[in-house]
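Have a look at the structure below, then the notes.
The values are calculated or read from the model by the stated rules, or taken from the named source; none is laboratory data. Model, not experiment: these values are computed from the prediction. Every residue, glycine as well, gets a Cβ built from its backbone with ideal geometry; the counts of neighbours run over all protein chains shown. Please note that ligands, DNA and RNA were not included when accessible areas were found on the heavy atoms of the full protein model with its side chains. Shrake-Rupley method; radii C 1.70, N 1.55, O 1.52, S 1.80 Å.
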Amino acid sequence: DGLVVSEKVKSNDIDVKIPESELEAEEKGAEEEHPRQSDSNILDISSDYPRDKHISIQRHLADLEKLANLREDERKPCPLCPEEKFKACYGHKLHRHLQNLHWKVSVEFEGYRMCICHLSCQPVKPNLAGDPTLSKMGAHYHCIICSATIARRTDMIGHINRHVNKGETESRFITVRAPKSYKVVKESATDVQVLPNHSTPQKTDSYFNPKMKLNRQLIFCALAVLAGERKPIECLDAFGATGIMGLQWAKHLRSSVKVTINDCNENSVTMIKENCHLNKMKVKLNIREEDKVETVGNGEENCDTIEVTKMDANVVMHLRSFDFIHLDPYGSSVNYLDSAFRNVRNLGIVSLTSTDISSLYAKAQHVAFRHYGCNIVRTEYYKELAARTVIAAVTRAAARCNKGIQVLLAVALEHFVLVVVRVLRGPTPADDAAKKVRYLLHCQWCEERVFQKEGNMVEENPYQQLPCDCYGSMPGKTAVLLGPLWSGALFNTGFLRRMLLEAMQYGLDEAQSLLKTLVSESECTAPKHLATHSPADENKQEECGVYISTPNTSAESYLVHGKRKSEEVLRSTAKRQRPEHSAEHPPFYYNIHRHSIKGMNMPKLNKFLNYLSEAGYRVSRTHFDPMGVRTNAPLAQFKTVLMQYSTPTYVGAQAEGPVHLSGDIYVGEEVPAATAIKVEEAELVEDKPGVTTAVFTQSYPTHCAAD
């Protein structure tokens, strides 16, 4: 390989003598080319000496001048510019050149200056003539951390900031290791360390979103309810990130739960361990290793131990069984549903948070069809449509494992869709849950909707299932088929009431207001009829066909894991169940603004709820829409009551009250001339013989009923 021995080169058994002058010339040329070639090479990470760094990275301007070897009586070239760009000059001129060009536009980091470099450190595109030697040399910077060459100063600053946000502040040229910049965030008496870019999931390993605080509180309340049924329970946070959720479980529920926090990213696992030590928790190493427990940093005794694993979430759920599993990936969680239901224990709980709202809220319909196998469109009830889409995917995944589900909670807010289900083992619950996945008929004119009937027989005219008559009065096809969707209930009243008690016990104020709305929505009652039940009333409630124990029940009535109640107990429990809670809440809701009448002032929302309730319909507000009304009234009756209690927009009208129409005659209808119309501020105009139209004056439109 060109080995030189005693000034000779041995090749093919022939000794060739090389003069010393030629060897010295080659060594001298190699020494001159070495600084230029090493500029673009990545230096060894183990090198900590300042002489190994690029010559454009210096601490002081004097170091850069020393590198140029300034002399007043001798011309010297610039060490950072080629001779074609800057010719050799005297010391005073070279000093101004180094100061005004290289040092002035440098980028500072940890006491070092990355000066601009004009050497041929990176390949330059040739000019139009094809000669790369005649092309212009590009100015660039050398990164002190990763040795990358970047052309613009602003890009270099952003490049350094990305290193800092990722915690990569240890430079190979700096002998002292730079500390990582962490930020401590406190939530629900739990401290966690996060990186400065913790709210940007694409650019950080430890994602932490403060806006998901309500989501974490709801999941904690669900886990607290499950911990009251049986102890201890094994719970899994499959995507730990910073570990905030698992730390809150272990810190507040303590010996009632055995927490496992998993993440496949090594940096996230390291941060989870540091956060465990920050909260004085013991850390148990990976389940694949031996049972080894790390001690708390300050040496205090603490019985709380958190198991931290580093592997794929599907692998963890395949290897072990859990009572409570929470899935919160970045985006859709459909890729982890099969693994979650494979080993979850009977009567356990699976909660999942989906943040792919662009597809679930019908902004990217093709993505929703690809992920969930569901056809959806943008409607006024799109949030509930998203929740039913996720539950349908959960139901099919559980049925593949011979398990059924009962939905305990379904919440769809601005940033996420949260679904909490209880798992029922056996083919019979699986079949019952799978039957509740149906298609939905949605009218695109009036937005009336109805689930298709059960059965496999093809109907001659599916439009007859819709309560509206838009198909007969409007041209073309007026309805669209959506789904498959979950057609069952979205809430369990007994479980929500116990969640509300847990939220009050632990002082979760944000979750309390939402849970009160969910309780009234699950019962479909007005908010004024909602009353918080005492713990003594909770032992009368039934969930999933089994009797759920509470602290006031006897020890014999506690639910035994893996065993089923006898038929006599189930029948007696069903008799004790209150009849008003047996009926499910009505599906979907109507937006009062969406169906308002032009030129009329709507009544207040709470008063409108009372009007519908007085008309004999079940009614409540919904958390999906602040102006939404969940009711079992058809859309035609909904509009009738809304128009009846609306008032004119002009000032001279009455403050609030119904618009008086005789019989079943509505505004804008044609009536016989002999019929008396009692409408204030209206005049009768005879359009044609035998037909009279009521025309409202001032701000009334001529035909309001068509709106």
Potential extension, L413-D509 segment - 0.36 nm per residue separation minus Cα distance: 32.8 nm
Listed highest first by mean packing, meaning other Cβ atoms within 10 Å per residue, what order do 319-327, 607-615, 54-62, 457-465 come in? 319-327, 54-62, 607-615, 457-465
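Over the range 590-648, give the accessible area per residue in Å² for a 1.4 Å probe, as an integer.
For the range 590-648, the solvent-accessible area averages 42 Å² per residue.
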Mind checking the dipole of the range 590-648: about its Cα centre, +1 per Lys or Arg Cβ, -1 per Asp or Glu Cβ, Debye to the nearest 20? 80 debye
